[in-house]
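Scroll down for the structure; my scribbles are underneath it.
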Amino acid sequence: MLHNRPHQYIPGATVRIGFFGSHGGTPIYEDEVFGSLIEQVHSTVELLFEKYLPEEEPAPRGTYRLGTAGGHGRPPRDAVHEAVLNALAHKNYDSGAPVQVSVFTDRLCIDNVGRPPRTWTAGALLGRHTSRPNNPNFVAALRSLGIIDGWGNGVSRIRMSCMEAGTPEPIFELRDDETMVCFPMDSDSLLTASITHANAINAAPVARADLPEVQQTARARATQQDTSLTLNDEKVLAMLDIDGRLTAPRIAKNLNISESTVRRSFRRLRDLGLIDRVGSDKSEFWQVQ
C-alpha cells in the first residue's frame, strides 16, 4: 500500500489510462500511473481531470470533445475518486493486470480484475450491503488511516455524488472475474452505440437491466396495487435508500424539482409501504422497507 514502487514486486500494481475517442480499439494516447497505491488514487484523478477530462471550453479544431452536444460533461470528481479507490482496494493482485481507466468521448469506464461475491448481482451492489473486501488487510489499513469507513458505502457515495451534481448515475457491471463502473458523459450517445462497438475495448454490453433491489421491490409492489411510480418517485426512493436523513428541500435541490413534488413522492411511497418515518422528533429519518 505504501511502497513507492509496488509494481517491481507485484506485477500490474499500477493504473493505466487511455483515451479512445469515439470507437475504442487502440488508444489515441495513454499514461501509466506508478507510486504507492494511495498515491495512485490521487495521481490518477489529477491526471484524468487535467488531461483527459478538461474543463468545458470551445474545443480547438480537429481535436476530440468530451461530453458532446447535449451531453452532461464530466462526472463529479468525488465520484471518480471513490471509484478509483474502490478499484484499487478490491482488485485481485494475483492477476498481474493493472486497473484500466478507459476514456471515450461519451463515457469514462474504470475496470478492475476482481469482483464481489458471485451471489451478488449489480442490483445488490447498488443497494445496501455489508463490506466484503477481496483484500481484507489492505482495506483494514485504509480504514485505520480514515481513508474509507469500512461499511460498504463506497457505491452509495458514488451514486449520491452523481445525484447531487445532477449527472447520470454510473452503470455498474459484474463479469465473471471483473468489475466495471461506467460514468456516462453523453447519455444519448451512450444508450445507442459505442459501448458495444465491434472495436471497442469493452466489447461486452453494459448490463442496464440490473436495478437496485429497492427499486425492483418498489416496482413490484406498485404493480401489485394496480398503480405505478413516477420517475421522480423512483429517484426520491433511491436517494432515501442511500441516506434516510435527507430532507425534502435538499432532495428537491438535488433533483431540480419542487419541494411539493418531493412531498407528494413521500406520501405515495409511504402509502405503498416502501418507506416509513421512524425515530424521535429531533432524530427522525426515513427508513426504506
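The values are calculated or read from the model by the stated rules, or taken from the named source; none is laboratory data. Not measured: the values here are computed from a predicted model. Because the Cβ atoms are built from the backbone with ideal geometry, glycine has one as well, and the counts that use them run over all protein chains shown. In case anyone asks, the SASA skips ligands and DNA or RNA and just uses the protein heavy atoms, side chains included. Shrake-Rupley method; radii C 1.70, N 1.55, O 1.52, S 1.80 Å.
Of the conditions (1) assigned to a helix (DSSP H, G or I); (2) more than 24 Å from Leu48 (Cα to Cα), Val84 satisfies every one except a single condition; which number is it?
That leaves (2) as the condition not met.
With (1) modelled with pLDDT of 90 or more; (2) surrounded by 14 or more Cβ atoms within 10 Å (Cβ to Cβ) as the list, and Leu53 as the residue in question, which single condition is left unmet?
Among (1) modelled with pLDDT of 90 or more; (2) surrounded by 14 or more Cβ atoms within 10 Å (Cβ to Cβ), Leu53 violates only (1).
Out of the helices (runs of 4 or more DSSP H) lying entirely within region 87-170, which hold 2 or more residues that are farther than 23 Å from Arg74 by Cβ and of a type outside the set (Lys, Arg)? First the steps, then the outcome.
Numbers: elements: 122-126, 136-144, 154-165.
It comes to 122-126, 136-144.
Going residue by residue through region 57-70, is there one that turns out to be open to solvent by 30 Å² or more (accessible area, probe 1.4 Å) and modelled with pLDDT of 55 or more? Quick ask: steps written out before the conclusion?
Step one: filter region 57-70 for residues open to solvent by 30 Å² or more (accessible area, probe 1.4 Å), giving 57-65, 68-70.
Imposing the further condition that a residue be modelled with pLDDT of 55 or more reduces the set to none.
No, every residue in region 57-70 fails to be open to solvent by 30 Å² or more (accessible area, probe 1.4 Å) and modelled with pLDDT of 55 or more.
Taking Arg16, is it under 22 Å from the mean Cα position of the chain (by Cα), open to solvent by 20 Å² or more (accessible area, probe 1.4 Å) and of a type in the set (D, E, K, R)? Full working, then the answer.
On the way: under 22 Å from the mean Cα position of the chain (by Cα): yes; open to solvent by 20 Å² or more (accessible area, probe 1.4 Å): yes; of a type in the set (D, E, K, R): yes.
Here the answer is yes, as Arg16 does meet what is asked.
Quick check on this structure: which one of Asp94, Asp78, Asp111 is touching a strand residue (DSSP E or B) at 6+ places or on another chain (Cβ under 7 Å), among the acidic types (Asp, Glu) and modelled with pLDDT of 90 or more?
On the way: Asp94 fails: touching a strand residue (DSSP E or B) at 6+ places or on another chain (Cβ under 7 Å); Asp78 fails: touching a strand residue (DSSP E or B) at 6+ places or on another chain (Cβ under 7 Å).
Result of the check over Asp94, Asp78, Asp111: Asp111.
Here is a list of conditions, (1) over 17 Å from Ala79 (Cβ atoms); (2) out of contact with any Pro (no Cβ under 9 Å at 6 or more places or on another chain), and Val41 meets all of them except one; can you say which number that is?
For Val41, the failing item is (1).
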